[in-house]
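Since the structure comes first, as structure tokens, the remarks are kept for the end.
The values are calculated or read from the model by the stated rules, or taken from the named source; none is laboratory data. Note that the structure is predicted; figures quoted are calculated from it, not measured. Please note: Cβ atoms are built from the backbone with ideal geometry, for glycine as well, and neighbour counts cover all protein chains shown.
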Amino acid sequence: MATPAARPLGAQPGATRPARSTPPDAWLKPGIFVGSLVPLAYLVWRAATNRLGANPIAEIENELGLAGLILLVASLACSPARRAFGWTWAPRVRRELGLLAFFYASLHVAVYIFIDQALNVSAMTADVLKRPFITVGFAAMVLLIPLALTSTKQSIRRMGFKRWQRLHYLAYVAAILVVIHFFWRVKIDVSQPLIYAYVLASLFVIRAGVWLLQKRRPARPVAGAG
């Protein structure tokens, strides 16, 4: 579905904007897909060459989780980037970024369940109940599942755009939970999770700014009125 171009924040009606180069669709989505798989390929290479450090399972979990967080935040940045900078191409890759984020999150959880905990249900239950960062991480994953399942155009038609949009606002909640999960997981050096917290806060500010500008914008006069 084509997305109408939005004026950057602060632009005056009727003002011309310098033309921006738009990445061709022919390579935009494939480029996003290939680029997003680079962290996984690098992780596989490190595992194959025994370069994962003293705790390889934890390193795999951490790298997969970080890649998922980066892609999730990138997907949430698409609409603000279009509105703030006029990047009309950004929303066209939002779905792909979101699904790739879900892919990495699924791998992250799968490594924890099948390798780290070796399908030990009692140990995983104890982890969820006693370690808050595990609880928050699972909650984020639960929120991401319906978003991935309803990411198709058929889902939008079936649910109606408004209901579908309200559901997909849960992506912001999931991202906040992932940042909290990251923050509690690292414990000591919280510089990385703080970066993503600041980025998320910036996205909220941009969305709030757009909403305020739209509320304050005077209604257009009806043609021929008066």
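Let's see how each residue does on (1) in contact with a helix residue (DSSP H, G or I) (Cβ under 7 Å, 6 or more places away or on another chain); (2) modelled with pLDDT of 95 or more; (3) over 12 Å from residue 143 (Cβ atoms):
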{"residue": "161", "(1), (2), (3)": "no, no, yes"}
{"residue": "165", "(1), (2), (3)": "no, no, yes"}
{"residue": "169", "(1), (2), (3)": "no, no, no"}
{"residue": "172", "(1), (2), (3)": "yes, no, no"}
{"residue": "175", "(1), (2), (3)": "yes, yes, no"}
{"residue": "179", "(1), (2), (3)": "yes, yes, yes"}
{"residue": "185", "(1), (2), (3)": "yes, no, yes"}
{"residue": "191", "(1), (2), (3)": "no, no, yes"}
{"residue": "199", "(1), (2), (3)": "yes, no, yes"}
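Could you identify the single residue in 118, 74, 126 that is surrounded by fewer than 19 Cβ atoms within 10 Å (Cβ to Cβ), among the hydrophobic types (A, V, I, L, M, F, W, C) and in a helix (DSSP H, G or I)? Before the answer, list the steps.
On the way: 118 fails: in a helix (DSSP H, G or I); 74 fails: surrounded by fewer than 19 Cβ atoms within 10 Å (Cβ to Cβ).
Result: 126 is the single residue among 118, 74, 126 that is surrounded by fewer than 19 Cβ atoms within 10 Å (Cβ to Cβ), among the hydrophobic types (A, V, I, L, M, F, W, C) and in a helix (DSSP H, G or I).
How about region 157-182: which of its residues are free of Cβ contacts under 8 Å to residues at least 40 places away in the same chain and not charged (D, E, K, R)?
First, pick out the residues of region 157-182 that are free of Cβ contacts under 8 Å to residues at least 40 places away in the same chain: 157-170, 173, 176.
Answer for region 157-182, where residues must be free of Cβ contacts under 8 Å to residues at least 40 places away in the same chain and not charged (D, E, K, R): 159, 160, 161, 164, 165, 167, 168, 169, 170, 173, 176.
Looking at the structure I just gave you, is residue 176 closer than 29 Å to residue 28 by Cα, among the β-branched types (Val, Ile, Thr) and in a helix (DSSP H, G or I)?
On the way: closer than 29 Å to residue 28 by Cα: yes; among the β-branched types (Val, Ile, Thr): yes; in a helix (DSSP H, G or I): yes.
For residue 176, the condition - closer than 29 Å to residue 28 by Cα, among the β-branched types (Val, Ile, Thr) and in a helix (DSSP H, G or I) - is met.
All but one of (1) surrounded by 16 or more Cβ atoms within 10 Å (Cβ to Cβ); (2) modelled with pLDDT of 95 or more; (3) of a type in the set (Phe, Trp, Tyr) hold for residue 42; state the number of the condition that does not hold.
Looking at each condition in turn, residue 42 falls short on (1).
To keep it simple, each residue is scored yes or no on (1) in a helix (DSSP H, G or I); (2) acidic (Asp, Glu); (3) at pLDDT 95 or above; (4) closer than 24 Å to residue 46 by Cβ.
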position: 60; (1), (2), (3), (4): yes, no, yes, yes
position: 63; (1), (2), (3), (4): yes, yes, yes, yes
position: 79; (1), (2), (3), (4): yes, no, no, no
position: 93; (1), (2), (3), (4): yes, no, no, no
position: 101; (1), (2), (3), (4): yes, no, yes, yes
position: 108; (1), (2), (3), (4): yes, no, yes, yes
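Output the residue which, of all residues in region 205-217 that are without any contact (Cβ under 8 Å) to a residue 12 or more places away in the chain and either part of a helix (DSSP H, G or I) or among the aromatic types (Phe, Trp, Tyr) (or both), is nearest to residue 66 (Cα to Cα). Working first, answer last.
Of region 205-217, the ones without any contact (Cβ under 8 Å) to a residue 12 or more places away in the chain are 205, 208, 211-212, 214-217.
Add one more test, that the residue is either part of a helix (DSSP H, G or I) or among the aromatic types (Phe, Trp, Tyr) (or both), and what stays is 205, 208, 211-212, 214-216.
Working: 205: 23, 208: 27, 211: 30, 212: 33, 214: 35, 215: 37, 216: 39 Å.
Looking at residues that are without any contact (Cβ under 8 Å) to a residue 12 or more places away in the chain and either part of a helix (DSSP H, G or I) or among the aromatic types (Phe, Trp, Tyr) (or both), I get 205.
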